[in-house]
Amino acid sequence: MSPFAIILIVLASLALIILIASVKIVKQATALVVERLGKYHKTLDTGVHIILPFFDRQACQPLSLKEQIADFAPQPVITKDNVTMQIDTVVYYQITDPKLYCYGVDRPKAAIENLTATTLRNIVGELELDETLTSREIVNTKMRSILDEATDPWGIKINRVELKNILPPKDIREAMEKQMRAERERREAILKAEGEKKSNILVAEGEKEAAILRADAKRIALM
């Protein structure tokens, strides 16, 4: 093989490598942020795109634009009446601006987790234990609003926040169980008393009607 042919093969191979490197395929519901010479260049959406090899590069991993779920570990939270409980949260979020997501904050998911923990402590810290247990929906709504506003500069939309489990201390749980058991027993006693009352009334009415019937029978017999 002649030197000229070898050069042509090498050039063709380099051209093929450059062509392959210049093609970027972005999947459905995914975005790709591209930098040119270290500076933000553009965001690639779904489809086939051509970039400049050696000049353009990915700023971060391909980003999913689908709604994502972040299930965070239980956090210790102190209520207004100084009861420490464990609360774990689930956050449903979505990337709305890939550029802001890449450049807005380092480790976005960890940032959301820390922000969720501090927001939860602030909100529950203004509520007493009973309010926390009965106002879960209110806490969810407040947290979603605060988190959504705080994460907006990061290109993140908070769609929903759920308090999955609220776990008071063991002694509080035992006291609540005793209270619930006492309440059930009280209701059972009331129902039993009402049943006995109705039964006595029915017996008395039956005896009254029987006495009336006997009196009527004697009156007719004397006629």
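The values are calculated or read from the model by the stated rules, or taken from the named source; none is laboratory data. Everything numeric in this text was worked out from a predicted model, so none of it was measured. For neighbour counting, all protein chains shown are included, and Cβ atoms are generated from backbone atoms with ideal geometry for every residue, glycine included. Remember, those area values only see protein heavy atoms, side chains included, never the ligands or the DNA or RNA. Shrake-Rupley method; radii C 1.70, N 1.55, O 1.52, S 1.80 Å.
Gain in length, Ile201 to Thr118, computed as 0.36 nm per residue apart minus the alpha-carbon separation, to one decimal in nm? Provide the component values of the computation, followed by the final result.
Numbers: separation 83, 0.36 × 83 = 29.88 nm, distance 6.10 nm.
Value of the extension gain: 23.8 nm.
Can you tell me the accessible area per residue over the stretch 1-101, all protein chains present, probe 1.4 angstrom, in square angstrom?
Details: 6430 Å² over 101 residues.
In whole numbers, the stretch 1-101 has 64 Å² accessible per residue.
Leaving out ligands, DNA and RNA, and with a 1.4 Å probe, what % of the accessible surface on the stretch 59-151 is carbon or sulfur?
Working: 2390 of 4990 Å².
For the stretch 59-151, the apolar C and S fraction of the accessible surface comes to 48 percent.
Once R0 is set to 30 Å, what does the formula 1/(1 + (r/R0)^6) return for the Cβ-Cβ distance between Ala111 and Glu131, expressed as a FRET efficiency to the nearest 0.05?
Values: r = 29 Å, r/R0 = 0.96.
With R0 = 30 Å, the Cβ-Cβ based efficiency is 0.55.
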